[in-house]
Amino acid sequence: MSKSKVLIATGTAERFFNRVRSHAAKLDSGEIILPEISITFEDPLELLNVLTAERVRLLRRARAGSQPIAELASGLKRDVRAVSRDVVRLEKAGLLRTSYRVNPGHGRYKVVEPVAREYSLTANL
């Protein structure tokens, strides 16, 4: 994991630019900004479309470290295909990453990794 925190929030373009200006001011004054990933949804309904209850469970489980999709599905007591679809959606949103590992004598398998140790969710209506 290269980043320590992912911030998921709803907000406007104005809020985004205020955050950028704040970071720039901190950098100008010599402050260190800790690495983080910020994902902002303009519409709270879009956030809820991406972060369903099952996908939040999946994120929590994936935070433990690299795991094959089959192992995640088993631990969540869900169908492997459904978990695989959710992993694709969360990867497109920037919340998970995947890679392939060699399975000796059996081809390859997909491994799911969190992009950060911590996920923080804030929604404003």
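The numbers here are math on the coordinates, done by the rules we state, and not lab data. Here the structure is a predicted model, which is why all the values come from computation and not from measurement. Cβ sites come from the backbone with ideal geometry, for glycine too, and all protein chains shown count toward neighbours.
Can you show me the helix-derived [θ] at 222 nm for the chain, built from DSSP H runs with n ≥ 4 at -39,500 (n - 2.57) apiece and divided by the number of residues, rounded to the nearest 500. Don't jump to the answer; show the numbers that get you there.
On the way: 5 runs with 54 residues, N = 125.
Helix contribution divided over all residues of the chain: -13000 deg cm²/dmol.
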Return the single residue from Arg55, Arg89, Arg15 with maximal mean-square fluctuation; model: Gaussian network over the chain, springs between Cα atoms under 10 Å.
Arg15
Extreme residue, positive dipole direction of the chain, given options Val102, Ala123, Ala13 (C-beta unit charges):
Val102
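Considering only the stretch 3-122, what is the antiparallel percent among its DSSP beta bridges, to the nearest 5?
Numbers: 9 of 20 bridges.
Just about 45 percent of them are antiparallel.
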Taking the chain as the reference, fit the longest principal axis to its C-alpha atoms, fit the long axis of helix 80-92 to the helix C-alpha atoms, and give the angle between the two in degrees, 0 to 90, nearest 10.
20 degrees
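Mean separation of Cα pairs under 8 Å and 6+ residues apart, divided by the residue count of the stretch 3-122: what relative contact order is that in percent? Each step should come with its number before you reach the end.
Numbers: 154 pairs, mean separation 42.3, N = 120.
For the stretch 3-122, the relative contact order is 35 percent.
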Within the chain, what is the number of lysine pairs with alpha carbons under 22 Å apart, leaving out pairs fewer than eight places apart on the same chain?
7
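Semi-axes, largest first, in whole Å: what does sqrt of 5 times each Cα gyration tensor eigenvalue give for the stretch 1-56? All intermediate terms of the calculation are to be shown ahead of the outcome.
Values: eigenvalues 136, 51, 4 Å².
Taking √(5λ) for each Cα gyration eigenvalue gives 26, 16, 5 Å.
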Considering only Ala93, Ala53, Ala70, give the residue with the highest GNM mean-square fluctuation for the chain, with springs between Cα atoms whenever their separation is below 10 Å.
Ala53
Name the most mobile residue of Glu54, Glu46, Glu113, meaning the one with the largest mean-square fluctuation, in a Gaussian network model of the chain with Cα contacts below 10 Å.
Glu46
Crossing angle, helix 53-62 versus the chain [Cα axis fit, 0-90 degrees, rounded to tens]:
80 degrees
Could you work out the Kirkwood radius for the chain, taking every pair of different alpha carbons, averaging 1/r and inverting it, reported in Å?
16.0 Å
Degrees between helix 13-28 axis and first principal axis of the chain (Cα, 0 to 90, nearest 10)
80 degrees
Please arrange Arg60, Arg19 by counting, for each residue, the other beta carbons lying within 10 Å of its beta carbon, fewest first.
Arg60, Arg19
